[in-house]
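Heads up: the structure comes next, in C-alpha cells.
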2 protein chains.
Amino acid sequence: MAASRPPAHHRESHSHPDVAAQIVSVLERLREHGGRITSGRRAVVVALLRHDDHHVTADDIAAVVQADQPDIHLSTVYRTLEALEQVDVVSRVDLGQGRAVYHLVDHVHHHLVCDRCGSVTEVPASVVEPLTQALDDRFSFAASPTRLTISGLCSSCR
Amino acid sequence: MAASRPPAHHRESHSHPDVAAQIVSVLERLREHGGRITSGRRAVVVALLRHDDHHVTADDIAAVVQADQPDIHLSTVYRTLEALEQVDVVSRVDLGQGRAVYHLVDHVHHHLVCDRCGSVTEVPASVVEPLTQALDDRFSFAASPTRLTISGLCSSCR
DNA sequence: ATAATTGCAAAGTCTTTGCAGTTTG
DNA sequence: CAAACTGCAAAGACTTTGCAATTAT
C-alpha cells in the first residue's frame, strides 16, 4: 500500500513532555473501561505515542511493535486500536481507497490527501471551521471535528 | 446500433432535456478517444444517465444493467466506469470504507456522509468554495472541485 | 484484420471475525 | 476462576487483473 511516503513535515511532533506518563494514563484509561493490559496492548500504545507522525496506519504500528515482539499479530493491533478508539484516545480517519489512519484525539486537525502522490498534509481545524459552521447552519450536519478528509492535488503535483 | 429512441418523456432527475441525445454524445466521446461501443458499455451509460440518484455505486449500475442483460459482468461495469472517468464524463468519489460512487461530472457537488447511518447528502459547491479557496491560498492545495467527502453526523443522527 | 473488450475466475487490499487456547485482574 | 485477550486462519467487502475468446471498426 502507501506506495509513496508522504512528505513528513518533520518538526517535533508530539510536544508531550512526559511520554511515559502518557502511556500510563492511556493504559489506565483502558483499564477503567473494563479492559485489560497486556504486553501487546502496551506495545501498541507505546508505538502510537512515540510515533513521529500524526497519522499512522495499523500496519505502521504493527511494524514498530513487531520489531520488538514479532508475535503480536496484526489483528491484535487492529483490535487494540479499536479499543483505544472506543475509549476516545485515538480517532480513526478514513483516507479513502480503503486506507485508514489513526491519530491521538488531542491532536485536532484535518487531512488533505493528494490524488496523485498520496501524500497527506495536515490542516489545522481553524481553517476548516467556517465550513463546518456553514454545514451546521445550512444542513444541520455536524461535520466531524477531527476526521475530515479533503482530496485534491498537493502543491507539488498540481 | 441506431438505438430505438426511447420515449421523450421527462421523468428524469438531471436537468437534461434530452437523455437520449446525451447517451449518444457520451458514447461518441468514448469513440473519439479510441474506444469501442459495445452493448455492455451502452447499457452502463444508459443506466448511468437515467439513474435517479446522483451518486451510484458500480453495483447499482450492474443491477440495473443486468436486469436486461444478465451477461454483463460486474467487472465490465467497473471497466466501463473507469473508461468514462478517463474521458471525463463521470467522476469517481470515494466515500470511505471502501465504498465508491460515480456521478456525472456536470453535476458539481460534494458529499456529507453520515458516520452513523451512512446517508449521503449533497452540498452545492458554493458552500465549500470559501474553504477550497483558503486551502489554495494557504497550502497551495487544489481541492478537488467535485470529489469532496465530509464525514460527520447527519441531522437525524446527531 | 487487429486492437479493444469481455466473462470468468483468481488475486489483491485492508479489515474483521470465529475459535480455541492464554492471560489478566 | 471468569472474563478479556490473543494468534491464526479464514472470511468479507470492494475492486482489479490475467487470459483466452469475442467483437467492433
For the range B:31-86, what are the residues that are among the aliphatic types (A, V, I, L, M), over 24 Å from B:V120 (Cβ atoms) and touching a residue at least 40 places away in the same chain (Cβ under 8 Å)?
B:A83
Looking across the range B:102-121 at residues that are at the interface with chain A (Cβ under 9 Å from one of its Cβ atoms) and closer than 23 Å to A:V120 by Cβ, the single one that is surrounded by the most Cβ atoms within 10 Å (Cβ to Cβ) is B:L112
Please enumerate the residues belonging to the range B:122-149 that are part of a strand (DSSP E or B) and surrounded by fewer than 18 Cβ atoms within 10 Å (Cβ to Cβ).
B:E122, B:P124
Top-ranked residue in the range B:87-102 [being farther than 20 Å from B:C114 by Cβ and either in contact (Cβ under 8 Å) with a residue 60 or more places away in the chain or among the aliphatic types (A, V, I, L, M) (or both); ranked as farthest from DNA strand D (Cβ to nearest atom)]:
B:V89
Considering every residue within the range A:38-50, establish whether at least one is among the hydrophobic types (A, V, I, L, M, F, W, C), touching a helix residue (DSSP H, G or I) at 6+ places or on another chain (Cβ under 6 Å) and not in a helix (DSSP H, G or I).
no
So, in the range B:122-146, of the ones that are under 23 Å from A:S140 (Cβ atoms) and touching a residue at least 24 places away in the same chain (Cβ under 8 Å), which residue ends up farthest from the other protein chains (Cβ to nearest Cβ)?
B:E122
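Select from the range B:70-86 the residues that are among the β-branched types (V, I, T) and more than 9 Å from DNA strand D (Cβ to nearest atom) and write down the one among them that is farthest from A:G96 (Cα to Cα).
Restricting attention to the range B:70-86, the residues satisfying the condition of being among the β-branched types (V, I, T) are B:72, B:76-77, B:80.
Retained after the next criterion (residues that are more than 9 Å from DNA strand D (Cβ to nearest atom)): B:72, B:80.
Values: B:I72: 28, B:T80: 21 Å.
Applying the filter and picking the extreme gives B:I72.
May I ask you to verify whether A:V45 is within 14 Å of chain B (Cβ to nearest Cβ), modelled with pLDDT of 90 or more and in contact with a Leu (Cβ under 7 Å, 6 or more places away or on another chain)?
On the way: within 14 Å of chain B (Cβ to nearest Cβ): no; modelled with pLDDT of 90 or more: yes; in contact with a Leu (Cβ under 7 Å, 6 or more places away or on another chain): yes.
So A:V45 fails the test.
So which residues in the range A:79-101 are part of a strand (DSSP E or B) and within 14 Å of chain B (Cβ to nearest Cβ)? I'd like the intermediate steps shown before the answer.
Residues of the range A:79-101 that are part of a strand (DSSP E or B), as a first pass: A:90-96, A:99-101.
Those that are part of a strand (DSSP E or B) and within 14 Å of chain B (Cβ to nearest Cβ): A:S91, A:R92, A:V93, A:D94, A:L95, A:G96, A:R99, A:A100, A:V101.
The values are calculated or read from the model by the stated rules, or taken from the named source; none is laboratory data. Nothing here was measured: the structure is a model prediction, and the numbers come from that model. Cβ: placed from backbone, ideal geometry, glycine included. Neighbour counts: every protein chain shown.
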